[in-house]
Every structure is written in C-alpha cells, then in structure tokens.
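Below: the structure, in structure tokens.
The values are calculated or read from the model by the stated rules, or taken from the named source; none is laboratory data. Note that the structure is a prediction, hence the values are computed from the model and not measured. Every residue, glycine as well, gets a Cβ built from its backbone with ideal geometry; the counts of neighbours run over all protein chains shown. Surface accessibility is based on the protein's heavy atoms, side chains included, excluding ligands, DNA and RNA. Shrake-Rupley method; radii C 1.70, N 1.55, O 1.52, S 1.80 Å.
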Amino acid sequence: MIPALRSLASVLTLVLLLAFARTGTAADGFVEGFADLPLMPGLEQIPDASLAFDAASGRIVVAFARGPVSADQIRSFYAETLGQLGWSGAGEDSFQREGERLTLDFTPDGGEMLVRFSLLPR
C-alpha cells in the first residue's frame, strides 16, 4: 500500500474507533478547539476553559481536561494515538507536526489529573 494511503487508512480507522467508543465526556470525542486531538477515555473536558485563535505565525490553542487517570496513562495514550495522526515526539510531553508543537502539562488535582493541551507554532 502507498505510504500516504496507509496513513490515511490509519487516521480513518482511528476516527471510526473513536466514534464508536465514545465515553460521553466530549460531544464529538475530541478536545475542544482541536479538530483532530482525541479526548482520552477517562478524561473530561473542562467547559469554557479553552482558548483558540489564529495568529500571523499560526494557530494557538489551549484546552484543559481532567480525570481519575495518571500522567503515565495519559502519556501512553497520546504517544500511541498522536503517532497515528502524524505527530512525532519532540521531547518529553511534546509533539510536533507541520510547523506546530503540541505540549501536554500535568497537574495533580485531588484524586484526579489536570491536563493542559497547548498548541503553538514552532
């Protein structure tokens, strides 16, 4: 199979899996403000805590989610999932793709983990 078609098939498979495996934590299964960043099962989006806008240098998006999962579980989920969506590792808790850098930041919050998703131009 042509590499581009293989990547497209992987993305479509992931989208279909997410569509049928909804947890009810996000209306469309994705982190608010991101067109293609799936919300990990077990995390819940924090309503009205997102910021998204286009700057001259590229788009800037910040969103928050929390849930009763560990930072290591979140890292593992996004390392696997984002690789299938064309992102590559760019250091601990950072990924890059097409001139953008996505960073995950973790803060313990009681018995839950708070995650900040930040997308900035590289």
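For this structure, a couple of remarks:
Conditions (1) more than 16 Å from residue 118 (Cβ to Cβ); (2) modelled with pLDDT under 95, marked per residue:
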| residue | (1), (2) |
| --- | --- |
| 25 | yes, yes |
| 31 | no, yes |
| 39 | no, no |
| 42 | yes, no |
| 51 | no, yes |
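- Those residues of the range 28-57 which are assigned to a strand (DSSP E or B), free of Cβ contacts under 8 Å to residues at least 24 places away in the same chain and surrounded by 14 or more Cβ atoms within 10 Å (Cβ to Cβ), in sequence order: 30, 44, 45
This table checks each residue for (1) at pLDDT 95 or above; (2) among the basic types (Lys, Arg); (3) part of a loop (DSSP other than H, G, I, E, B).
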position	(1), (2), (3)
77	yes, no, no
92	no, no, yes
96	yes, no, no
101	yes, yes, no
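- Search result, residues across the range 89-122 that are open to solvent by 50 Å² or more (accessible area, probe 1.4 Å), closer than 16 Å to residue 39 by Cα and over 11 Å from the mean Cα position of the chain (by Cα): 105, 112
- Residues of the range 58-73 that are touching a residue at least 12 places away in the same chain (Cβ under 8 Å) and either touching a Cys at 6+ places or on another chain (Cβ under 8 Å) or open to solvent by 90 Å² or more (accessible area, probe 1.4 Å) (or both): 68, 73.
Yes/no matrix, rows are residues, columns are (1) closer than 21 Å to residue 49 by Cβ; (2) touching a Ser or Thr at 6+ places or on another chain (Cβ under 7 Å); (3) among the aromatic types (Phe, Trp, Tyr):
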| residue | (1), (2), (3) |
| --- | --- |
| 79 | no, no, no |
| 87 | no, no, yes |
| 92 | no, no, no |
| 96 | no, yes, no |
| 104 | yes, no, no |
| 110 | yes, no, no |
| 118 | yes, yes, no |
